[in-house]
4 protein chains.
Amino acid sequence: MINVGIAGASGYTGVELVKLISNHPKAKLCAVTSNSYKGKSLTDIFPSMRGFENLICEDLDIKSLSKKIDVIFLALPHKVSMQHVPTMLENNIRVVDLSADYRFTDAAAYESAYQTHTSKDLLKQSVYGLSELYRDQIKASTLVGNPGCYPTSILLPLLPLLKEGLIQPAGIISDSKSGVSGAGRSLSLSAHFCEANESFNPYKVGNHRHTPEINEILSLHSQQPVSITFVPHLLPLTRGMMSTIYARVTDTATQDKIRKTYDNYYGDEPFVRLLNKGMYPAISHVKGTNCCDIGIHFDETSRQLIMVSAIDNLLKGAAGQAVQNMNIMFGLDDKTGLNRVQGPL
Amino acid sequence: MINVGIAGASGYTGVELVKLISNHPKAKLCAVTSNSYKGKSLTDIFPSMRGFENLICEDLDIKSLSKKIDVIFLALPHKVSMQHVPTMLENNIRVVDLSADYRFTDAAAYESAYQTHTSKDLLKQSVYGLSELYRDQIKASTLVGNPGCYPTSILLPLLPLLKEGLIQPAGIISDSKSGVSGAGRSLSLSAHFCEANESFNPYKVGNHRHTPEINEILSLHSQQPVSITFVPHLLPLTRGMMSTIYARVTDTATQDKIRKTYDNYYGDEPFVRLLNKGMYPAISHVKGTNCCDIGIHFDETSRQLIMVSAIDNLLKGAAGQAVQNMNIMFGLDDKTGLNRVQGPL
Amino acid sequence: MINVGIAGASGYTGVELVKLISNHPKAKLCAVTSNSYKGKSLTDIFPSMRGFENLICEDLDIKSLSKKIDVIFLALPHKVSMQHVPTMLENNIRVVDLSADYRFTDAAAYESAYQTHTSKDLLKQSVYGLSELYRDQIKASTLVGNPGCYPTSILLPLLPLLKEGLIQPAGIISDSKSGVSGAGRSLSLSAHFCEANESFNPYKVGNHRHTPEINEILSLHSQQPVSITFVPHLLPLTRGMMSTIYARVTDTATQDKIRKTYDNYYGDEPFVRLLNKGMYPAISHVKGTNCCDIGIHFDETSRQLIMVSAIDNLLKGAAGQAVQNMNIMFGLDDKTGLNRVQGPL
Amino acid sequence: MINVGIAGASGYTGVELVKLISNHPKAKLCAVTSNSYKGKSLTDIFPSMRGFENLICEDLDIKSLSKKIDVIFLALPHKVSMQHVPTMLENNIRVVDLSADYRFTDAAAYESAYQTHTSKDLLKQSVYGLSELYRDQIKASTLVGNPGCYPTSILLPLLPLLKEGLIQPAGIISDSKSGVSGAGRSLSLSAHFCEANESFNPYKVGNHRHTPEINEILSLHSQQPVSITFVPHLLPLTRGMMSTIYARVTDTATQDKIRKTYDNYYGDEPFVRLLNKGMYPAISHVKGTNCCDIGIHFDETSRQLIMVSAIDNLLKGAAGQAVQNMNIMFGLDDKTGLNRVQGPL
């Protein structure tokens, strides 16, 4: 049994982690921390969470935590994570960090989008937690930088084709859409019901902080600098994310090769599903699951490839992939605790 | 042409007033004030409001306003209104106050629900702005206390039957439901998209501040103390309100008498519509209008009467009724500026 | 391991049953039937349901089913169920019927709301499947008439107080609200997105078919004819149901006695939760669970008791309670397969 | 006063036309037709439409109509329009057709997407009703083919830049999103509340019927064959549409030239608004208006231009633009009857 702690348990990602670990057959939730609700039980904070009357949000005290847990999930704001991670590792707590602090190899790229990095030496050690593409490194790691939600939805369809030289690295566009839960539980006018409901809009056009994360990974895998055009939009729904991605194929690409490449990469993966020709993902088909659905349309004449991917931003885009990474780190099957059947509603 | 000012123009009720006055054939919008957006134009605050680039939110300076306007709408918080109204009246500005400050006759009732009343002498002078029932007094008044949204939806169906002795004053229940815009534009967890969306819940059970307002008016008209049971609920939609009201009829009541009474009170009213037998209101049928739809079901055996009323909380429940009251105060037809055709979407 | 069949698996209730049984540790889904999608796999019908490529919707052929299954859930329309149930029982298939066909003791009451009953003799044998109140009879039964969603939400808060003489049987009112999934997956104008979205309305006022079901059970338990006032409304959300119930208490009732009574009935029940004083249910707190939350407000002066209950209409209001009943019938703990932790989103 | 008829008045586009004409100061609604609701009044069909008790849906009898009306709006299905238009013109009724039947110059392009064209000779005479770009031809015409909603949202931002040679005709992508009302009021599983709510998905990828319409107009104006990549998606909201459009600029293009070109084309247009740098449209900003908002982002390094446009699919995308075209045909100011102030909710 893996003893688990969750830091930042009172945010939307935090509670998803609480749910997943509570329902996990090989893990035990031993400690939760929350800055905003210290001393309160999870049931007090979220009446929907029954049976947690005795799980009290505590301080993030690493010494005390180290006696209780083997691994910690950090659902903390950027910058806060890196204040704690070095000490956690020293205390033999393995870390899955859901902030951006350990997603980058290049500290300068991180600093261009976030702030001064104060834990640079660990960037060499940390592993990017895109489970399907980094499984071997994750297995051996003690520190995983869990990917952003948009990067997950964009990299899963792009990486296999880029690595195999089937699409051109230049001119890639991702038109992405996220539900409101992506912005978290803190208050803002754009998350006010009356402002988000019955509306839809792009935001942070040209300067979203997930862009350098996406570009770094794409560049690493195509061995040349890749810079995508990325436009995120806000959907009037609670959970779910879709990326519609446009790329030019290379001369050797065919519909058949593209499908076969996906099959090679994901055919045995439980959480990535390539849809049949003519079928496309819907957010409702992946909501509540750790899955990424991918549908493609290839126009032979224009040589334009359209890839559509859908994930649940709180699961494959955050907590679900984090648990998948924990499973990999501890030698469990990826599916453990993540394989529940979901339905259409 | 009536010269109009709107105080608190940057809240949801304030902008509804701006829209209505801008579209009003006999009124001219001369000044808007806002505490939060001083110095900004309405188009800056609300990109949906085009053509207001030159209407800049100013300070609430009564001297300066008195040179420009004949009447002011106060879309201000409770307590703030009564700090300004006495001076406004002295400066010959007529007032339609959308806060609760001048809705009550009995200062003690106000104080039980709100705070110390600092303008008690004006309570004798102010008129309760339920347009259909107080038209004559509104005509002659310089200060109107515009009713709350819940009270409007509850009093319109109840008052005619109570006044004519067709329902028993004891045991009246109103199960009411409001859209999220009723809570205004300020930030709160309950108005967070992810918390309100796909949910529904009662709130302030037994202690909502509209209860004493409803009870005072019902008591005045039935000449005995009336105390209703009122349970408000939060609907996952932006605008609209419904009250489902349960009352016992008196011995003399019949379906026919009930319908005739409504017809006497509202048959010539443009904004109250009694639906045919077997028909009930829907929020979509009144959204965007100043109308109150009423449907009734009378069970002869149990002598129980069900009245269902629907309004747009921002219009008949606030800004629309306020403009209707302005029309009455200035001798215009009630419908002026309020009579636009609406459709189902 | 219990071998399970599900008839009508392609409706919203049917797929909830499929999910629950698939995730159930002691049950195995052996057969599904569907009239509309015969020959198709569940994954074809619902792309969100992965891993069901080989579970093909078949004909409802009882002989063939009887070789494969121990129990069948009937998510069939009223009238269709009773055409099959007698033969199923003869073939030793136990039945949990989610239609109304076996909910009534009195065939005349059924016929007043539905149609001619063609399986009257089985009404003596069938047990009403309100799990918490009928557990002993369910244990011994081979045929359970699973309660309607509205009746479940109304009877759970009312029955303990009525049985203990704490509320008056006359004058009970239930103002109930249901999400759109309650109307099923078949097409209708009222379930069209543009008609239901941003709206709210009562329907079938005074003549909803759940009224006689509620009245029969209330009458049985209070040993006198009880006739409630029941007004259902349509909420603009997918899943969830709330009933706000108003009753007069009897002379002996106190807040304390009421709470103790609930504690006696439900204190050990895993799926019924009495909320603390001042707390009320929300649909988001029960969505995705088999739970019924109950909050109460008692006004000592008016002697009026307000009970608010919330359930997920597809779970405790249908498929969840059906599986709870199967658990009881087969000697399992009620919670088996139903005890997953849920979160706020 | 213009005497107006509306054919197909009971669909969502039809009722928007009824609203607009009813609120129009220079037009009179003289006749409405409906296939589904013949003999019923509009108030019967839509309780939200008050005061139409006497406007009864009649047969589409051109002889009888020609005595009453000067112009007719056809909110009819494709194919039905062209069965009636020739006779209407012979009877001196001017026509604004909202179906696709008269949008094309090239009958073969129409036939590739729809069906055999049976009124080809009129294609030379009919004018494409994109008001801002075809104003002169519309003025002189008796038959206007009103543009599709997607084409309107895509052509308004693209045409000025294409015509002035600022963007490359090859490789244009439009990632478009529409609310559910775009699919009309007829029943379908994809418009079922429970299927569309909380979901989002692409549809008709690579084969939407608006593609040839867009391509024909783009080709005409850039004097070479243009073929865009167009992916429509379904948004979980009732009304509104957004297109996020990606194009490569030509060598001479600069941010400044692009803004100046828009200013030349639309600076005096009441219904097209170029947003300031860094500002982007939102559906809530145009809902309920006849406006198209355009926001642009130009990346100097990649030479990639992002154009985002938002319209109300039922207004600028259908009924609003149709009335704008009627205004132009009858020598009125474009804004007549379309210039009402809207607010954020």
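What follows is calculated from the coordinates using simple rules that are stated; it is not laboratory data. Worth saying up front: this structure is predicted, and the values here are computed from it rather than measured. Cβ atoms come from the backbone with ideal geometry, glycine included; neighbour counts cover every protein chain shown.
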Q | Listed peptides A:180-187, C:63-70 by packing density, highest first (mean Cβ within 10 Å) | A | A:180-187, C:63-70
Q) So for C:Cys149, A:Cys57, fewest C-beta neighbours within 10 Å to most, what's the order? A) A:Cys57, C:Cys149
Q: State, to one decimal in nm and shortest first, how far the label point of D:Asn339 sits from each corresponding label point in the other identical copies (label point: 7 angstrom along Cα-to-Cβ).
A: 2.1, 6.7, 7.0
Q | Label 7 Å beyond Cα on the Cβ vector: C:Arg135 copy-to-copy distances, nm | A | 4.5, 6.3, 7.7
Q) Considering every residue in D:47-59, what mean count of other chain Cβ atoms within 10 Å of its Cβ is obtained? A) 4
Q. Is the shape of the stretch D:150-313 rounded, prolate or oblate, going by the alpha carbon gyration tensor and its root eigenvalues a ≥ b ≥ c, with a/c under 1.5 for rounded and a/b larger than b/c for prolate?
A. prolate
Q | Those residues of the stretch D:37-66 whose amide nitrogen sits under 13 Å from the label point placed on D:Val80, 7 Å along Cα→Cβ | A | D:37-38, D:58-61
Q) Please state the relative contact order of chain A as a whole percent: Cα pairs under 8 Å, 6+ residues apart? A) 17
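Peptide D:293-301: average number of partner chain Cβ atoms within 10 Å per residue?
On the way: counts 3, 0, 3, 1, 6, 1, 4, 0, 1.
The mean count of partner-chain Cβ atoms within 10 Å per residue comes to 2.
Across peptide B:178-186, how many C-beta atoms of other chains are within 10 Å of each residue C-beta, on average? Write down the numbers at each step before the final one.
Numbers: counts 1, 7, 5, 6, 1, 3, 2, 6, 3.
Other-chain Cβ atoms within 10 Å of each residue's Cβ, averaged: 4.
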Q. R0 = 22 Å: FRET efficiency of A:Ala108 with A:Asn207, Cβ-based, nearest 0.05?
A. 0.85
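Is the shape of the protein assembly as shown best called rounded, prolate or oblate, per the rule: a/c under 1.5 gives rounded, else a/b larger than b/c gives prolate, else oblate, with a ≥ b ≥ c the square roots of the Cα gyration tensor eigenvalues?
Details: a/c = 1.33, a/b = 1.01, b/c = 1.32.
Because its axes are fairly even, with a/c under 1.5, the protein assembly as shown counts as rounded.
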Q. Taking the Cα centre of the stretch B:150-311 as the origin, how large is its charge dipole in debye, to the nearest 20, when only Lys and Arg (+1) and Asp and Glu (-1) carry charge on their Cβ atoms?
A. 200
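Assigning unit charges at the beta carbon (Lys, Arg +1; Asp, Glu -1) and nothing else, what dipole magnitude in debye, to the nearest 20, does the protein assembly as shown show about its Cα centre? Walk me through the intermediate numbers first.
Working: 132 positive and 128 negative charges, 0 e Å.
Computed about the Cα centre, the dipole is about 0 debye.
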Q.
Per residue of the stretch D:249-260, what does 6.51 cos²θ - 1.76 cosθ + 1.60 with θ = phi - 60° give for ³J(HN,Hα)? Whole Hz please, x for Gly and Pro, Karplus curve as stated.
A. 7, 8, 4, 7, 6, 9, 3, 5, 4, 5, 5, 5
Q | Difference of contour (0.36 nm per residue) and Cα-Cα distance, B:Leu187 to B:Ser302 | A | 36.9 nm
Q. Quick one: net charge of D:Ser119's neighbours, Cβ under 13 Å, K/R +1, D/E -1?
A. -1
Q. The stretch A:33-50 to the stretch C:257-279: how many Å between their Cα centroids?
A. 21
Q) Put a dot 7 Å past each Cα toward the Cβ at D:Asn54 and B:Arg248; how far apart are the dots in nm? A) 4.6
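With Cβ to Cβ distances under 12 Å as the rule, what net charge do the other residues near A:Ile167 carry (K, R +1; D, E -1)? Write out the running numbers ahead of the final one.
Numbers: positive: A:Lys163, A:Arg248, A:Lys257, A:Arg303; negative: A:Glu164, A:Asp251.
Within the 12 Å Cβ shell, the charges total +2.
Just how large is the dipole of the stretch C:49-126 about the Cα centre, in debye to the nearest 20, putting +1 at every Lys and Arg Cβ and -1 at every Asp and Glu Cβ? Mind showing how you got there, number by number?
Numbers: 9 positive and 11 negative charges, 28 e Å.
With only Lys, Arg, Asp and Glu charged at Cβ, the dipole is about 140 debye.
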(Q) Taking a ≥ b ≥ c as the square roots of the Cα gyration tensor eigenvalues, with a/c under 1.5 meaning rounded and otherwise prolate when a/b beats b/c, else oblate, which class fits the stretch B:208-262? (A) oblate
Q. Sequence-distant or interchain residues sharing an amide H contact under 5 Å with A:Asn313, placed H: which?
A. A:Gly240, A:Met241
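Go through the stretch B:262-345 and name the trypsin sites (Lys or Arg not before Pro) that are in a DSSP coil and have 11 or fewer other Cβ atoms within 10 Å of their Cβ.
On the way: sites: B:Arg273, B:Lys277, B:Lys287, B:Arg303, B:Lys316, B:Lys335, B:Arg340; in loops: B:Lys277, B:Lys287, B:Arg303, B:Lys316, B:Lys335, B:Arg340.
The qualifying sites are B:Lys277.
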Q.
Contact order normalised by length for the stretch A:1-143, with contacts defined as Cα pairs under 8 Å and 6 or more residues apart; what percent is it?
A. 20
Q) For label points placed 7 Å from Cα toward Cβ, what is the shortest-first list of nm distances from A:Lys120 to its copies? A) 7.1, 7.2, 8.9
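Excluding the sites themselves, what is the longest stretch of chain B that contains no GluC sites (Glu not before Pro) in a DSSP loop with at most 11 other C-beta atoms within 10 Å? Write out the running numbers ahead of the final one.
Working: sites that count: B:Glu53, B:Glu300.
After excluding every exposed loop site, the longest remaining stretch is B:54-299.
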Q) What FRET efficiency do you get for B:Gln224 and C:Thr116 if R0 is 45 Å and r is their Cβ-Cβ distance, rounded to the nearest 0.05? A) 0.30
Q: Calculate the length of the line joining the C-alpha centroid of the stretch C:280-334 to that of the stretch A:111-187, in whole Å.
A: 42
Q. When chain C is turned about an axis onto chain B, which of its residues keeps its C-beta closest to that axis, and how many Å is it?
A. C:Asp175, 2
Q) In terms of modelled amide H atoms, which long-range or inter-chain residues lie less than 5 Å from the amide H of B:Val95? A) B:Ile72, B:Leu143, B:Val144
Q. Fully extended, how many nm does the chain gain between C:Ala170 and C:Lys68 (0.36 nm per residue separation, minus their Cα-Cα distance)?
A. 31.8 nm
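Within a Cβ distance under 12 Å of D:Met1, other residues only, what is the Lys/Arg minus Asp/Glu net charge?
Numbers: positive: D:Lys26, D:Lys28; negative: D:Asp70.
So the surrounding residues net to +1.
Considering only DSSP beta bridges with both partners in chain B, what is the antiparallel share in %, to the nearest 5? It would help to have the intermediate numbers written out before the result.
On the way: 25 of 55 bridges.
The antiparallel proportion sits near 45 percent.
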